[in-house]
Amino acid sequence: MMEDHQALLMNTDDDEGLGFGEEGPDAKDRLRHPIVAFFHVFFRAAAIIVYMLCGWTGAGFVPSFVTVVILLSLDFWTVKNITGRILVGLRWWNYVDDDGISHWVFESRKGARAGGRPPERRVFWGALILAPVVWFFLFMSSFFTFRFQWTILVILAMALSGANLYGYIRCKLGHKPGIADATGILHSGLQNVIFNRATSATTTDATAQAFTAPAHVV
């Protein structure tokens with residue numbers, strides 16, 4: 001399946017009002033959407049707290065797994081579809097056209113409110129970056145303590161939180177050189193390394209067989 005990537009600008013008229021009456025000297029220091037900011041942090045923090053409490057209290061794996069997965073799913077959907085668009089004016093999504101080509105669209109708000117207010121930017125990016133870091137340390141802890149069933153849950157959490165982080169970084173960068181180019185370069189480099197190793201191994205095996213093959217006496 002082929003993939004296509006697009007970076008677009010989205011209008012703000014359909015998402016927010018004009019904001020009259022917010023021009024005070026401390027307006028930029030206030031959260032314009034405190035409820036949205038709360039839920040941006042709540043689900044991912046709740047997932048981490050529930051995971052840690054279940055590990056410490058020895059709760060059953062199945063109910064703990066289901067609870068954490070539900071919280072992670074709510075967090076993924078909320079961050080992807082609501083908080084990114086409202087807090088910082090970013091949105092990413094995917095669709096498949098009639099030809100079966102998958103299109104990834106990364107949008108960023110245009111105009112004076114591009115990027116959101118400073119406090120909302122701090123809440124959004126802080127929680128977005130911190131959660132995968134915390135899950136990474138929890139992954140190391142579960143892996144080296146041989147709790148592999150919990151490791152599976154942590155890998156799922158890292159995948160969901162990392163997907164949102166990657167998507168919003170792509171929205172932020174747009175078509176600028178950045179993570180997309182770095183990913184492409186890394187992928188190409190890995191392919192070259194694998195190909196060179198395979199070619200080298202094949203050549204070495206053929207040479208070794210030529211030297212070790214018995215000589216035919218005429």
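Along segment 76-86 the Karplus relation, 6.51 cos²θ - 1.76 cosθ + 1.60 evaluated at θ = phi - 60°, assigns HN-Hα couplings of 4, 5, 5, 5, 5, 9, 10, 5, x, 5, 7 Hz to successive residues, with x for each Gly and Pro. Size descriptors for segment 33-122: radius of gyration and Dmax over Cα atoms are 17.1, 51 Å.
Pulled fully out, how much extra length does the chain show between Val69 and Ala159, if you take 0.36 nm times their separation in residues and subtract their Cα-Cα distance?
Details: separation 90, 0.36 × 90 = 32.40 nm, distance 1.19 nm.
Contour length minus the Cα-Cα distance gives 31.2 nm.
Rounded to the nearest Hz, the phi-derived 3J(HN,Hα) couplings of segment 94-110 under the Karplus curve 6.51 cos²θ - 1.76 cosθ + 1.60 (θ = phi - 60°) are 9, 8, 10, 7, 5, 8, x, 8, 8, 10, 9, 10, 10, 10, 9, 6, 9, where x marks glycine and proline. Near Asn164, once Lys and Arg are set to +1 and Asp and Glu to -1 for all other residues with Cβ below 15 Å from its Cβ, the sum equals +4.
Converting phi to 3J(HN,Hα) with the Karplus coefficients 6.51, -1.76 and 1.60 and the offset θ = phi - 60°, segment 33-39 yields 10, x, 5, 5, 5, 4, 6 Hz in sequence order, with x at every glycine or proline.
Using the average count of surrounding beta-carbon atoms within 10 Å as a protection proxy, the listed peptides 159-170, 79-90, 142-153 rank, highest first, as 79-90, 159-170, 142-153.
Readers should treat all values here as calculations from the given coordinates under stated rules, not as data from a laboratory. Because the structure is predicted, anything quoted here is derived from the model rather than measured. Please note: Cβ atoms are built from the backbone with ideal geometry, for glycine as well, and neighbour counts cover all protein chains shown.
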